[in-house]
1. For the stretch 48-57, which positions are among the aliphatic types (A, V, I, L, M) and exposed (fewer than 10 other Cβ atoms within 10 Å of the Cβ)?
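The values are calculated or read from the model by the stated rules, or taken from the named source; none is laboratory data. For clarity, every value in this text was computed on a predicted model and none was experimentally measured. Here the Cβ positions follow ideal geometry from the backbone for every residue, glycine too, while neighbour counts run over all protein chains shown.
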Amino acid sequence: MSAEENDKADGPGAMLTEANQRKARGRLGREVQSKIGQQLRAMYDDVVNEGVPNRFADMLRRLDEPKGTESAEESSNSDKGVN
């Protein structure tokens, strides 16, 4: 079957084969999709509102610094012999 024939097989009046029947049964209704979307947004909002842990913020700050400069924390650690 060509790609064009395959596209037509999914259109209106298409012959109901076992694959088409399974495809139709596997779809979620609008209400279910909406509920899943609401729950995903709520979970994502919680994650966004958590903020960035201090260790990640410090790491990002150090990565943004130009090479050759070191932060106060790094220089105090090097004075103590900590790498």
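1. Hit for the stretch 48-57 is V48, nothing else.
Every residue, every condition in (1) hydrophobic (A, V, I, L, M, F, W, C); (2) in a helix (DSSP H, G or I); (3) surrounded by fewer than 10 Cβ atoms within 10 Å (Cβ to Cβ); (4) at pLDDT 60 or above, yes or no:
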| site | (1), (2), (3), (4) |
| --- | --- |
| G11 | no, no, yes, no |
| I36 | yes, yes, no, yes |
| D46 | no, yes, yes, yes |
| M59 | yes, yes, no, yes |
